[in-house]
1. Setting aside same-chain residues fewer than 8 positions from Lys148, which aspartates and glutamates have a Cα under 18 Å from its Cα?
2. Tell me, what % of the accessible area of the chain is carbon and sulfur with a 1.4 angstrom probe?
3. I'd like to check one number: the per residue accessible area of the chain, probe 1.4 Å, reported in Å² as a whole number.
4. Give me the percent relative contact order of the chain, please, defined on Cα pairs under 8 angstrom at least 6 residues apart.
5. Express the relative contact order of region 34-142 as a whole percentage, based on alpha carbon pairs under 8 Å and six or more residues apart in sequence.
6. With equal scatterers on the alpha carbons only and no solvent term, can you work out the Debye log10 of I(q)/I(0) for region 67-150 at 0.17, 0.20, 0.27 1/Å?
7. What's the longest uninterrupted piece of the chain once you rule out the chymotrypsin sites (Phe, Trp or Tyr not before Pro) that are loop residues per DSSP with at most 12 other Cβ within 10 Å?
8. Which percent of the Cα-Cα distances in the chain go past 24 Å?
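The values are calculated or read from the model by the stated rules, or taken from the named source; none is laboratory data. Since this is a predicted model, take the numbers as computed values, not measurements. Every residue, glycine as well, gets a Cβ built from its backbone with ideal geometry; the counts of neighbours run over all protein chains shown. When the accessible area is computed, the model is the full protein with side chains, heavy atoms only, and any ligands, DNA or RNA have been set aside. Shrake-Rupley method; radii C 1.70, N 1.55, O 1.52, S 1.80 Å.
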Amino acid sequence: MWLLSGALLLMLILGYTTSLAIRSAKIHHRLSTPSRGWSRPAHRPDPDLGFAPIPGARSAHTFPIGPDIPMAYNKDGFRVPVGATSRNRPGPRILFLGCSYTYGDACLAEETFPHKVAQAVGGTELNAGRCSYGLAQMLLLAEDLIPKHRPDLLVVQYSPWLVNRAITPYAPAWLGTLPVPYFFLEETDEIAIPGFHSK
């Protein structure tokens, strides 16, 4: 009996040790090799959105291969071309909401569609697109940014994955998961975001 218990305990210890070694090797590999990310912090934790841009941040997208791509946020947290001035063009101010497609992941700010659209109409883009954001975060941003900046036009990205991201309380991150706002169905059959009431 003792021999069987000892053998079982030894197998459990060996299994756990092997699992720990494999997980540690994966984390070490991710931390010690070039990967997608940022050269300097560009985002901070945010109690409402999960994470948000650091106003005025200057950083660069980093990739396992290829050159880093410089990026910048202005004082309001909108993505702008690196070195851009804060002057508005005489045309319409256009607020853009979306995920990395709107933000322009792996692109210079001047190559993004918000910049191209604003340039085509002689206006100013307010690019509030964020990598990994979902529809719940976009709604919260709209409720905050529209009264604050009073844009002339609003362009909202709609993609199926934005809905999928908005119905789970956790977003995938490079290492683990990140708590984010999400939609749920209240007892009154109304859709809501926990802890928020529409303004």
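1. The qualifying aspartates and glutamates are Asp48, Asp76, Glu125.
2. Within the chain, the accessible surface is 64 percent carbon and sulfur.
3. Working: 12510 Å² over 199 residues.
Result: 63 Å² of accessible area for each residue.
4. Reported relative contact order: 15 percent.
5. Working: 212 pairs, mean separation 23.8, N = 109.
Over region 34-142, the number comes to 22 percent.
6. Scattering profile of region 67-150, log10 relative to I(0): -0.65, -0.91, -1.50.
7. With a cap of 12 other Cβ atoms within 10 Å, the longest stretch comes to 1-157.
8. Values: 10060 of 19701 pairs.
Result for the distance tail: 51 percent.
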